[in-house]
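What follows is a single structure, written as structure tokens, with notes after it.
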Amino acid sequence: MPQSKSTRPTQRDIAELAGVSITTVSHVVNGTRAVAPETKAAVLEAIEQTGYTGDAIARSLVTGGTRSIGVAISLLANPYFAALMQAIEREAATAGYTVLLADTHDTVQTEQDTVRTLRSRRVDGLLLTPSSGDGAVISELVSLGAPVVLLDRLTTRTDVDQVGSENIQSTSALTEHLASLGHRRIGLISGTAGLSTSEERTLGYRLGLGRGGLSWNPELVACGYSSKEGGAQALRKLLELPEKPTALVVANDSMMVGVLHETRRAGLRVGEDLAIVGYDDAEWADLVEPPLTTMSQPIEEIGRRAVRLLLARIADPNRPPETLRLPPRLMHRHSCGCS
């Protein structure tokens, strides 16, 4: 029986016309599972015939896009999030796209749910900061042919686009600088294990030790779990050593906050009793006393390049994947002990 013009078409109507299940229609509309090309074509044809184009999701199936991109990122784990999001939104707006933001809380399960929610909104592509151990999430996106760019935390994969900072040589340079000042016990407060940024910065630290003529000593490395509390606890552990470190590399700004609180509690003078260098260069880094020597990530450039790479992937799904590692800049101040 023909539908009344006042009756809005439903997914059941589409399923009946296409000769498929409502579940299959849902997968096509929400992008939650790969569907055979011929089946998807039948569903799209049914959508057009029934006029099921009253919302952005259905309309995107017919027109080919919603002119929106999703950003799935851990807000807690990224202290430079505001600057990054501003860069992403500016670049997206220039290209005529809106941005949908979702917090992954840095857990695989939440990240998976967040990604599926964004895809259910029919975003044209995704910018994703991977959580530790989320290989399955990335593999699912790649297998579905979803345009995605990994942001900040780069992997060794070659089947997906990625943009982030160069971590190894830059952390090596920080460590070498401390060695050049005569320090022989240089500690490291590393980030959460399993994150590519943590592993790369630890590798850079080891490389810098070697270049500075020093040996790797595992007792001088403490994990700060990429958090303020973890950074403070890690420094307490290092200060309990019979031979305390005289210099310290702190692998991100969240941990640096805890480290600075702990140095004050312990009555240590930064740059005198303990030389400290860091990574990230928060906007307050030159406001503390003494100002912090850090590696400044090119956050705005990372955001811009990530959006451009994603739009290029949307425009040409078959283009070869790219990995862009952008060099940070050394901000040489006084916390390292230099006057």
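The values are calculated or read from the model by the stated rules, or taken from the named source; none is laboratory data. All values reported here derive from a predicted model rather than from experimental measurement. With ideal geometry, Cβ positions are generated from the backbone for all residues, glycine too; neighbour counts draw on all protein chains shown. When the accessible area is computed, the model is the full protein with side chains, heavy atoms only, and any ligands, DNA or RNA have been set aside. Shrake-Rupley method; radii C 1.70, N 1.55, O 1.52, S 1.80 Å.
When each of the peptides 148-157, 183-192, 285-294 is scored by the mean number of other C-beta atoms lying within 10 Å of its residues, the order from highest to lowest reads 183-192, 148-157, 285-294. Rolling a 1.4 angstrom probe over the chain with all protein chains present gives an accessible area of which 51% lies on carbon and sulfur atoms. Here the spin labels are modelled as points 7 Å beyond Cα on the Cα-Cβ line, and at Ala82 and Arg33 they lie 4.4 nm apart.
Taking square-rooted eigenvalues a ≥ b ≥ c of the alpha carbon gyration tensor, is the stretch 79-187 rounded, prolate or oblate, where a/c under 1.5 means rounded and, failing that, a/b exceeding b/c means prolate? In terms of gyration-tensor shape, prolate.
What the phi angles of the stretch 80-89 give under the Karplus curve with 6.51, -1.76 and 1.60, with θ = phi - 60°, is a coupling list of 8, 3, 4, 5, 5, 5, 4, 5, 4, 5 Hz, glycine and proline written as x. With a cut-off of 15 Å between beta carbons, the residues surrounding Leu214 carry a summed charge of +1, where Lys and Arg count +1 and Asp and Glu -1. Taking all protein chains into account, the per residue accessible area for the chain stands at 46 Å² (1.4 Å probe).
Each peptide in 324-331, 10-17, 303-310 gets a packing score, the mean of other Cβ atoms within 10 Å over its residues, and the list from highest to lowest is 303-310, 10-17, 324-331. Taking amide H as placed 1.01 Å from N in the peptide plane, Asp106 has its amide H under 5 Å from the amide H of Ser74, each at least 5 places away in sequence or on another chain.
In this structure, the amide hydrogen of Gly337, modeled 1.01 Å from its nitrogen in the peptide plane, lies closer than 5 angstrom to those of Ile276, counting only residues at least 5 positions away or on a different chain. Across the stretch 236-242, rounded Karplus estimates of 3J(HN,Hα) from the backbone phi angles (6.51 cos²θ - 1.76 cosθ + 1.60, θ = phi - 60°) give 4, 4, 5, 6, 7, 5, x Hz, Gly and Pro being marked x.
The mean sequence separation of alpha-carbon pairs under 8 Å and at least six residues apart, normalised by the residue count of the stretch 168-311, gives a relative contact order of 23 percent. All other residues whose Cβ lies under 14 angstrom from that of Ala285 are scored, Lys and Arg at +1 and Asp and Glu at -1, for a net of -4.
All other residues whose Cβ lies under 10 angstrom from that of Ser74 are scored, Lys and Arg at +1 and Asp and Glu at -1, for a net of -3. Remark: the stretch 111-127, residue by residue, has Karplus-estimated 3J(HN,Hα) of 4, 4, 5, 5, 4, 5, 5, 4, 5, 5, 7, 6, 4, 6, x, 10, 9 Hz, where x stands for each Gly or Pro and the curve is 6.51 cos²θ - 1.76 cosθ + 1.60 at θ = phi - 60°. With contributions of -39500 (n - 2.57) from each DSSP H run of at least four residues, the per-residue ellipticity at 222 nm computed over the chain stands at -13500 deg cm²/dmol.
Within the chain, the ratio Rg/Rh, alpha carbon atoms throughout and Rh by Kirkwood, equals 1.11. Close amide H partners of Glu322, meaning residues 5 or more places away or on another chain with modelled amide H under 5 Å apart, are Asp161, Gln162. For the stretch 89-121 versus the stretch 122-139, the spacing of their alpha-carbon centroids is 9 Å. Does the stretch 221-339 come out rounded, prolate or oblate, given a ≥ b ≥ c as the square roots of the eigenvalues of its C-alpha gyration tensor, rounded meaning a/c under 1.5 and, failing that, prolate meaning a/b above b/c? Since a/c reaches 1.5 and a/b is larger than b/c, the shape of the stretch 221-339 is classed as prolate. With the Cα gyration tensor of the stretch 162-266 giving a ≥ b ≥ c as the square roots of its eigenvalues, does the rule (a/c under 1.5 for rounded; else a/b larger than b/c for prolate; else oblate) give rounded, prolate or oblate? Oblate is the answer for the stretch 162-266, as a/c is 1.5 or above yet b/c matches or exceeds a/b. For the chain, averaging the sequence separation of C-alpha pairs within contact (under 8 Å, six or more residues apart) and dividing by the residue count gives a relative contact order of 16 percent.
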